[in-house]
Amino acid sequence: MSDVHSSEIFTLHRGTAPLLLSLPHDGSLITEALQARMTPRARVAPDTDWHVSRLYDFARDLGASILVPKYSRYVIDLNRGEDDTSLYPGQNTTGLVPLVRFTGEPIYLPGREPDADEVASRIDTYWRPYHAALRGELDRLRAAHGRVALWEGHSIRGSDLPFLFDGRLPDLNLGTANGASCSPALQARIEAELASQIDYGWVANGRFKGGHITRHYGTPAGGIDAVQLEISQRTYMDEDSFAYEQAKAAQLQPLLRALLVATLAP
């Protein structure tokens, strides 16, 4: 049995297995009033983790809970801390309320950027409800099972983003905060699944080591294992048109299922 809780900010599918998928950059909504302050390209939210909720829809059959926001990371980035501390000091990145796109180009028209009061309002309106739901579901599942795994599902354009990384990103990018956010046994099981296949290149704790959610909620000693998987979008969609490509996705999904099954293993 499962149930769904939907609000203006997110949708939470409550499952029964000790696994929660958080997809904090799947949302693409931007209000018309906010769009009017943005550059034409930013209004289409190009840095969305396009279609990740569709890609992971099979996780419902595994009994997983799935938390999906409705609004774009341009409204607020749910995978940043509310204090906006940089996740990668010394490297280019985007913040809690991003001012630039992944290309480094501005999101807002000149003089239309949000001020401190607006940022605080967005934290209250969007960030806190999502994180309250995330914490509540983790606590519910941990109480029911003793332990719970948090899977952070992400995707990104895998090339032509020199502002963020050089060259071509591996197909699959596992992040565990250099091993701090999950048990060594869980990381070993996931890496074994990745190593046993030949279709996709992968790396552990490379350019992407896990964002705020992975690092903040991942407390293996406290019964919560957290991992992030950053998927290069070329593996399941067209990176230029943002169109979902069913054949590509169908090839990738069995591996993603195997990774989640490995995550659920006792």
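The values are calculated or read from the model by the stated rules, or taken from the named source; none is laboratory data. Note that the coordinates shown come from a computational prediction; the quantities given were computed from them, not determined experimentally. Backbone-built Cβ (ideal geometry, glycine too); neighbour counts: all protein chains shown. Protein only, heavy atoms only, side chains kept; ligands, DNA and RNA dropped before computing areas. Shrake-Rupley method; radii C 1.70, N 1.55, O 1.52, S 1.80 Å.
Taking 0.36 nm per residue of sequence separation and removing the Cα-Cα distance, the ASP61/ASP117 pair yields an extension gain of 15.9 nm. Considering only LEU87, LEU141, LEU252, the Gaussian network model of the chain with Cα springs below 10 Å gives its largest mean-square fluctuation to LEU252. Simple spin-label estimate for ALA249 and ALA132 gives 3.2 nm between the two label positions (7 Å along the Cα-to-Cβ direction from each Cα). When the alpha carbon coordinates of segment 1-127 are projected onto the principal axes, the ranges are 50, 34, 26 Å, largest first.
Ignoring solvent entirely, what values of log10 I(q)/I(0) come out of the Debye formula for the chain at 0.08 Å⁻¹ when each Cα is a single scatterer? Log10 of I(q)/I(0), two decimals: -0.30.
Treating r as the C-beta distance of THR125 and VAL4 and R0 as 25 Å, the FRET efficiency rounds to 0.70. Of all the options PRO162, PRO220, PRO24, the one that moves most in a Gaussian network model of the chain with Cα springs shorter than 10 angstrom is PRO162. With the simple spin-label model, which puts each label point 7 Å out from Cα in the Cβ direction, the VAL261 to ILE198 separation comes to 2.1 nm. Over the chain, DSSP H runs of length four or greater, each weighted -39,500 (n - 2.57), average out per residue to a 222 nm ellipticity of -7500 deg cm²/dmol. The length gained on full extension between SER183 and GLU105, counted as 0.36 nm times the residue separation minus their Cα-Cα distance, comes to 24.2 nm. How much of the accessible area of segment 3-264, in percent, comes from carbon and sulfur atoms when a 1.4 Å probe is used? Taking all protein chains in place, segment 3-264 shows 53 percent carbon and sulfur surface. Centre-to-centre, using Cα atoms only, segment 122-181 and segment 1-77 are separated by 12 Å.
The reciprocal of the average 1/r between distinct C-alpha atoms defines the Kirkwood hydrodynamic radius, which for segment 143-261 equals 14.9 Å. Around the Cα centre of segment 3-264, unit charges on the Cβ atoms of Lys, Arg, Asp and Glu (plus for the first two, minus for the last two) sum to a dipole of about 380 debye.
DSSP bridge analysis restricted to segment 3-264 gives an antiparallel fraction near 45%, rounded to the nearest 5.
Each residue of segment 206-214 is assigned a 3J(HN,Hα), and the resulting list reads x, 4, 10, 9, x, x, 4, 5, 4 Hz, derived from the Karplus form 6.51 cos²θ - 1.76 cosθ + 1.60 (θ = phi - 60°), x at Gly and Pro. Surface exposure of the chain, expressed per residue as accessible area with a 1.4 Å probe, stands at 42 Å².
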